[in-house]
Structure formats: C-alpha cells, structure tokens
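The values are calculated or read from the model by the stated rules, or taken from the named source; none is laboratory data. Since we're looking at a predicted model, the values are computed, not measured. Neighbour counts run over all protein chains shown; Cβ positions are idealised from the backbone, glycine included. We work out accessible area using only protein heavy atoms, side chains counted, and drop any ligands, DNA or RNA first. Shrake-Rupley method; radii C 1.70, N 1.55, O 1.52, S 1.80 Å.
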Amino acid sequence: MIDRSLSTTTARDVIAIGCSAGGVEMLPQLLHALPRDLPASITIVQHLAATPDPFLVPILERSSSLPVAWAEQGTKLLYGHVYVAPPDSHTMFADGHLVLSSAPRENHARPSIDKLFRSAAANHGERTIGVLLTGMLDDGVSGLHAIRQAGGTTLVQDPDEAPYPDLPCAALLANAADRVLPILGIAAALRSLAGQQVSAISDEAELDRTGTSTPERMRLLGPQTSVMCPDCSGPMRALGEPSTWQFRCHLGHAHAARDLLARQDRDVERALWSAVRSLDERASTLETMASDATQLSRSQIAEVYAKRAHEARTQAVLARKFLVDLVASTTQ
C-alpha cells in the first residue's frame, strides 16, 4: 500500500489556496485540471458565511478527481486530497495535520487566508506553494509574503481573468507573486511544482502556530502605532513592509491598511449621520419651545427660540450636504 501522508523530505508538497468572492466559480476549474495522483495535499480557504448547511465541498466534489472534504480538527494531510476550511473556523497546519481555531477574525474573516498562509510558511517553509485567486480587499496578501519569505512559491491569478480582481491586484501591488497566471496556467504550474525537491519562520507565523502572545513577542512583530483596534480598542502594531502593512493587536485581531481605512470611513460616516440627526432633533425641540412660548404670549422668548431653531435647521442641512458629498468622494 502506498503511503500518501506528507513526506518528511524537502519536496514541494503543501498547496495552500485562498480566495473570496468568485472562488466558487474558479475553484472547480482549478481542481478539475489536477490529477488524482498529485504528490501534494491541498488546503483551501474560501470566505464563507457561517451557515448550518455550507455548500462548497459538494460543489467541488462534482468537478474534482481528487477527494474533497471539510477540514476537521486533527485531520492528517494526505497526498492527492483536498481539504476545505469550514465556515467560522480558522484552519492552520501543525505537524502534518490541520488545526481548527475560533481565534479572532482577521480582516473581518474567519477562516482567514492570511492565517492559513502564515501557518503553511511556519510549518512547511520551502515546501509550500501559496495560491491566491479572485476576491476582494487584502486577506491573503500578507500571508503570501510570509510564504515567499519562508522560501515557498507563490502563484496569483491573473486579475484580467478573475471575476473579482481586487485581491489579485492587491497581491501584485505588494509584489507578493512569483508568477501571475490564468486559472488553467495555475493548474499547470501546480502539476509541475508538486513533488519538486527543493526555512525561515516569521514571528507572526510563529505566533499563529503557538496561539499565545506576550508583550516581548509583540514588540518583535513591529512598532506600536496610534491606530486602535476596531474590534477591541486595543493598541495595534504595524507589521510587514509599507506596501503590505498589516496591523495587529495583542489579542490577535489583524487588519490590512485598506480594511482599517474602510472601517474608519464607516465610523466617520456613522458619527456624521449622528451629528445630523442631533441637529435635526435640536431644531425640532427649539421649534416646539418657540410654539409653546407663542401660545403663552411670550413673543420675545418665542422669537429667540425660533431664531435658534432656524440656525440648527440650517446647520443640519449643511451637515447633510457635506456628508453626502464626503460619502460620494470616498466611493469614487
């Protein structure tokens, strides 16, 4: 009987794939083009909503000659098998097995592509092939860099082919790709690279592996910033290079710079709408007080209240116009 468990040699035998929007369309095409005797394991993170009846594995099974299954706690990695991260669980590597975790979300995502990629870099180094496909925002770009730093190989889908090119474009802008290929080109590269004989471990990947942090370890990750974590309000540290800034707090929440900016845009918009509402309510209250004073024949007081109500109403109109213009400018 052939032993299909992961090798202890330096062969490229760990394939980690990440995608978000559009992945349900691209993944079947990729798996369909891979042989059943592929000398590597494949682990996939696709951003999925936490539902009681997830659908991705049945979809992939219909297109793949490789066995496809949900990753489970302690799953042993086997050659020629595909493991899919279940919804609402980070999936990581440890000693030839998979580990599931409910650790804090990264870039709003659990499972997180970055966590999968960094874990692959930490545990398998040069043996790792990281693949980043279609999607939105930045989850996976930082992890792709970790794979490259550990000596692994990184493949990114051609943005011109991706249904959602935002994520591949972010990887290219960050110089995180060894090769940029269409989906069938990625399949051909995997067939060629898998089993090739060919490590550095980043501090952040080691933190993922152990699941614990200390002030000393956090200082190793990068400088503390003035940016507060939007999930827990704790201080955050800047990790990586300027082109791939990742911000991480002591608890483990992590956000790409663009994700933080999007959160801040929403917070500013929410605060401004609150101000508009408060001005409208103030104007309504003053108008009611002016009406009450008029009924009591207190004309001077009524005039004061009416003037203040007019000012508040004018301020509310100006604030609303400013907010609408601001939102329009941030979405262009």
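General observations
- Residue count for the range 142-158, restricted to those that are at pLDDT 95 or above and open to solvent by 20 Å² or more (accessible area, probe 1.4 Å): 1
- Considering only residues in the range 291-319 that are within 47 Å of the chain's Cα centre (by Cα) and open to solvent by 100 Å² or more (accessible area, probe 1.4 Å), the one that is modelled with the highest pLDDT turns out to be H310.
- Test result for R270, surrounded by fewer than 17 Cβ atoms within 10 Å (Cβ to Cβ) and modelled with pLDDT under 75: no
- For R258, the conditions (1) buried (at least 17 other Cβ atoms within 10 Å of the Cβ); (2) touching a Leu at 6+ places or on another chain (Cβ under 8 Å); (3) among the basic types (K, R) all hold with the exception of (1).
- Remark: pairs (first residue in the range 47-68, over 21 Å from P35 (Cβ atoms); second residue open to solvent by less than 30 Å² (accessible area, probe 1.4 Å) and at pLDDT 85 or above; Cβ separation under 6 Å; 6+ apart in sequence or on different chains) = H47/S20; H47/A109; L48/P87; A50/P87; P54/P87; L56/Q46; L56/V84.
- Boolean, S243 is assigned to a strand (DSSP E or B) and either at pLDDT below 70 or open to solvent by 40 Å² or more (accessible area, probe 1.4 Å) (or both): no
- Residue, most open to solvent (accessible area, probe 1.4 Å), within the range 129-141, restricted to residues that are out of contact with any Cys (no Cβ under 6 Å at 6 or more places or on another chain) and at pLDDT 90 or above: M136
- For the range 105-128, the set of residues classified as open to solvent by less than 20 Å² (accessible area, probe 1.4 Å) and either farther than 19 Å from C19 by Cα or in a strand (DSSP E or B) (or both) consists of E106, A109, A122, H124, G125, T128, listed by residue number.
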